[in-house]
Structure formats: structure tokens, C-alpha cells
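The values are calculated or read from the model by the stated rules, or taken from the named source; none is laboratory data. Because the structure is predicted, anything quoted here is derived from the model rather than measured. Cβ atoms come from the backbone with ideal geometry, glycine included; neighbour counts cover every protein chain shown.
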Amino acid sequence: MSAPKSPDELRVRRTSTRMTRQIGLATVAVSLLFVAAVVVMVILQSRPAELNEPARPGEVRIHLSAAKTVGLSIGVAVAAVVYALVIGRVVSRRAVRPLADALELQRRFVADASHELRTPLTVLDARVQMLQRELAEGQPAGETASALRQDTGRLIGIVNDLLAVSGDDSGEGARGPGPVADASQIVTSSAESMRVLAEQRGVSLVIDVEPDLEVRMPPAGLGRCVTALVDNAINHGSGDHSSGDHGSARGRVEVQLARDDGRAVMTVSDDGPGIRGVAPDRVFDRFAHTEPVDQPGARQSLGIGLALVQELATRSGGGVKVASTGPDGTVMELTVPLAQ
């Protein structure tokens, strides 16, 4: 069994296939026009009265079978289409090869830069933690040190996400079926961990999970997917992002997990304004940015979280997509193969 392709590899293959299809359709159109012209010519030249007239002195007549002429024309057209498809396939693969190389260079650069940043950020986080311990409780500098610790933690998280997206995170970089994860437990616990954030944003979080579902995916990777999708839904929902009143939920985010034909399907839906500023099929591209959320306190995404979800899901033989989006909200769908 071959290893699942990365999103970049799949994107390059789709581009090549699309180019081949367009070349083939153009060739089919030209071939149909050619065959139609031959048929019209045969019809116009087929005059029985002229065929019955005796030949004039010195006149040479060549009789062509209409059926054979049309059949030969169709054969030539089919051969032309096949030839165009073969040539189109070869040319399109050569044309998109620089794109594949550029994506690979981008991935390698992100991985190298993230590796270089990870160690100094970890050291910085440790030093801030030591500073917190040395400061007496209640000192004004203690609050600053605590905020600094949160900032370094967020930076470390971003670097880890970049490493995972680039496929160079040793913990999740391997491709293939992967270990078995208790999807029911992980989805429930990961979604529940976001409840406090949802309440702070004025969003009601509803979780509906089918029990005893196991999937072929690293548990840590599945947890990161759930967290990223739920966080995205909370950030783009219709809740009051500046509200500190936990009892006044205005928005709603639903997380559902169910079995569907050998797959575990998790849907995360919100009641926000929908995806704006970028095509729905592009939100999973690295560093893609949607239109800023028109809500006080809403965070602008760095364009890493959803790309990470796509990368982790694809490695495990699954996928993620925008099931629907519009003024009434957005539904994200994550699919992962069930453990056999």
C-alpha cells in the first residue's frame, strides 16, 4: 500500500490533470468540427444525377465511398484526440514541475526556519519561567512576566504548527496508517478544553459524539485537528468576542462525530457570516487569510491552523473540506479512516 500523498503533491497532480483535460476538450471540439465538415462535404458532393451521366472525353472520375470517408475521418479524429491527451499529459507534467519544486523549497525553508527558532524560543520560555519564580507574588512585574510567558508559549505553538505543516515534525511527520486513536474520547476532551474560550467569547459549545469510534491517526494529531477546527469556529462565530459574561451566549458552535461507511466523520459548524475574502477551497492553503471577522476581540488567523489540519488528515488517509458556507454559518468536515 502506497503512502498517502501530501496536499502539495495532490495539488500539483490536480493541476496537471486539469491542464490535460482542457487540452483534450479543445482537441475533441476541433475534431468534431473536422468530422462535421467532412460529412457536409460528402453530402453536398453526393449527387446521383451526376454519377449517372456518361463521362466526357478526357474526364477522369474518382469514386469515394461516403461511409469509408466518414469512417476514416472519425478514425483520424479519435487518433488526434488520443495523441493530444498523451502529449498534453507529458507537457502538463513538465509545466507544473517548477511549481512542485517551488512548493518543496517553501516547505524546506519553513522547516529549517522553524527548527532554528524552536531552540531559542524554548530557552526564552524557560528563562521567563525562572523569572516568574523569582518575582514575589503581587508585584507589578509578575503580571508582565506572566503575559510574557503566554506570548512565548504562543510563539512556540506557532513554530510547532509550522513544523507539522512542513512535515518535519518528528512526532507526526511519518506517513502511513499510523497508530489507533480513540476518536470518541479525543474529540470529546479536545472540544471540552475549548469550552472556557467559547464562554469567554459568548459562544455556546454543543458536543455530540458517537461512542466507541477508533481511527487510524496519531492521537496528538487528531487532538490538534479538533482544537484548530473548534477554535476557528469559535473565532468566526456570531458570539460577542469582547464579552466577559459567561452566561450570555449569543453564538453557537456544534461539534459532531459519527460513523459513515468505514470512516469517522467530524463536523464543526458555526453560525457566523460564512467564509469571505477567499474561496472556500483555498482556506486550507498555508498562510491563507479570510476577511477579518467583524467582531470586537476576534483574532486574525495566521493561516496555519487549517493548513495543519489538512496536512495531518491527509497523512492518515483522510481529508478535510468546507461542507457548506454562507450567511447562516460554516460547516467544516473532517474525515479519518476507521481502524479495521
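Okay, here's what the table says:
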read-out: Pair list, Cβ < 6 Å and 6+ apart or interchain, from segment 147-167 residues that are outside the structural domain of Leu306 (by TED's automatic domain parsing) and buried (at least 16 other Cβ atoms within 10 Å of the Cβ) to residues that are part of a helix (DSSP H, G or I) and modelled with pLDDT under 75; value: Val159/Ser114; Leu162/Val110; Leu162/Ser114; Leu163/Ser114; Ser166/Arg107; Ser166/Val110; Ser166/Ala111
read-out: Boolean, Asp212 is in contact with a strand residue (DSSP E or B) (Cβ under 7 Å, 6 or more places away or on another chain), surrounded by fewer than 17 Cβ atoms within 10 Å (Cβ to Cβ), modelled with pLDDT of 90 or more and within 24 Å of Ala183 (Cα to Cα); value: no
read-out: Residue check, Gln200 surrounded by fewer than 23 Cβ atoms within 10 Å (Cβ to Cβ) and modelled with pLDDT under 90; value: yes
read-out: Segment 131-146, residues that are part of a helix (DSSP H, G or I) and surrounded by fewer than 11 Cβ atoms within 10 Å (Cβ to Cβ); value: Arg133, Glu134, Pro140
read-out: Check on Val123, over 30 Å from Arg21 (Cα atoms) and out of contact with any helix residue (DSSP H, G or I) (no Cβ under 7 Å at 6 or more places or on another chain); value: yes
read-out: Boolean, Val110 is buried (at least 17 other Cβ atoms within 10 Å of the Cβ), modelled with pLDDT of 75 or more, touching a helix residue (DSSP H, G or I) at 6+ places or on another chain (Cβ under 7 Å) and not in a strand (DSSP E or B); value: no
read-out: Leading residue by the ranking (surrounded by the fewest Cβ atoms within 10 Å (Cβ to Cβ)) among those in segment 113-130 that are within 30 Å of the chain's Cα centre (by Cα) and of a type in the set (D, E, K, R); value: Glu116
read-out: Check on Val81, assigned by TED's automatic domain parsing to the domain that holds Leu163 and at pLDDT 75 or above; value: yes
